[in-house]
Amino acid sequence: MPQYSVSIWETIGIAAGAVLLTAIGLAGLGVKALNNAFHPGRSEAIARSILTYSIPGGSQGVFGTNLGGARVAVVTSNTILQGDTIPVTDDPLPTVELLVAQIPVSQETLEIEREATSEFFSGFSFSYQVQGAFEVEQSQTEYREFCGAIAPVTIQTGKLTLPEQAAQVPAMKYEMNVDRNQSNYITILVTIGQDAERNAEAVFQTLECIPSPYNVG
């Protein structure tokens, strides 16, 4: 995994938070909400308040923020990428990463938020923000059940170039975006390694959105 410093992580988080704040009109909460954004337990608690999931080998929180009714969280697997050709680093690569977001939306803000998500997470994943590192070999959109609806699921299969290495490993990326209960649910699931395909499908089958307490009624 690229060795991002805390300042870069904070920049990503603050930028994402700024867009959410603009969308929901809560600019005064930005800094306070990000104070504990990198606490593992809090991050996973936020993720589980958005949807249910099960990651093979267990999971841990990486990033999480709650800005009024908008919530964003990232969790990764406890299982790391291993093998004779995998470089030894101080920051091992998790085999699974799941980004989830639940954002209250109106017709006026929906397109803005979708465009912002595309801009902020335009790399392979939230953690792997290296443009061009993911070489897509196959891309398809399937309509599958997600969050109680039939939604488009973009599935990409390919190879991920490891940081500062010529080696590549199998990788998969699932992207889902659906509107339910006056909320926009965004989910990005990425997996790497020899079991990437199996793990991606296994995690996807466990995903189930949880209605926001702010929008039920």
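The values are calculated or read from the model by the stated rules, or taken from the named source; none is laboratory data. These numbers were taken from a predicted model, which means no experiment stands behind them. Cβ atoms come from the backbone with ideal geometry, glycine included; neighbour counts cover every protein chain shown. Protein only, heavy atoms only, side chains kept; ligands, DNA and RNA dropped before computing areas. Shrake-Rupley method; radii C 1.70, N 1.55, O 1.52, S 1.80 Å.
Observations on the model:
- If the condition is being farther than 16 Å from I155 by Cβ and modelled with pLDDT of 75 or more, then the range 131-143 contributes G132, A133.
- Cross-chain or 6+ apart pairs with Cβ under 7 Å, the range 95-112 first and at pLDDT below 55 and among the β-branched types (V, I, T), then assigned to a strand (DSSP E or B) and open to solvent by less than 10 Å² (accessible area, probe 1.4 Å): none
- Residues being outside any helix (DSSP H, G or I), modelled with pLDDT under 90 and surrounded by 15 or more Cβ atoms within 10 Å (Cβ to Cβ) are entirely absent from the range 190-207.
- Qualifying residue in the range 1-16 (condition: small (G, A, S), open to solvent by less than 30 Å² (accessible area, probe 1.4 Å), over 24 Å from D195 (Cα atoms) and at pLDDT below 50): yes
- So I46, is it in contact with a strand residue (DSSP E or B) (Cβ under 8 Å, 6 or more places away or on another chain), at pLDDT 50 or above and over 17 Å from V96 (Cβ atoms): yes
- Residues of the range 172-194 that are of a type in the set (S, T, N, Q) and farther than 18 Å from I46 by Cβ: N177, Q182, T191, Q194.
- Extreme residue, farthest from A196 (Cα to Cα), among residues of the range 161-177 that are open to solvent by less than 40 Å² (accessible area, probe 1.4 Å) and under 17 Å from the mean Cα position of the chain (by Cα): M176
- Of the residues making up the range 145-184, just one is at pLDDT below 90, hydroxyl-bearing (S, T, Y) and under 17 Å from V100 (Cα atoms), namely S183.
- Exclusive hit being closer than 21 Å to T161 by Cα, open to solvent by less than 30 Å² (accessible area, probe 1.4 Å), among the small types (G, A, S) and at pLDDT 80 or above, set S127, S77: S77
- All positions within the range 46-63 that are over 13 Å from the mean Cα position of the chain (by Cα) and surrounded by 23 or more Cβ atoms within 10 Å (Cβ to Cβ): I55, S59
- Within the range 134-157, residues that are at positive phi sit with their Cβ atoms under 6 Å from residues that are of a type outside the set (G, A, S) and part of a strand (DSSP E or B), at 6+ positions apart or across chains, in these pairs: C147/V178; C147/R180; C147/Y185; C147/C209.
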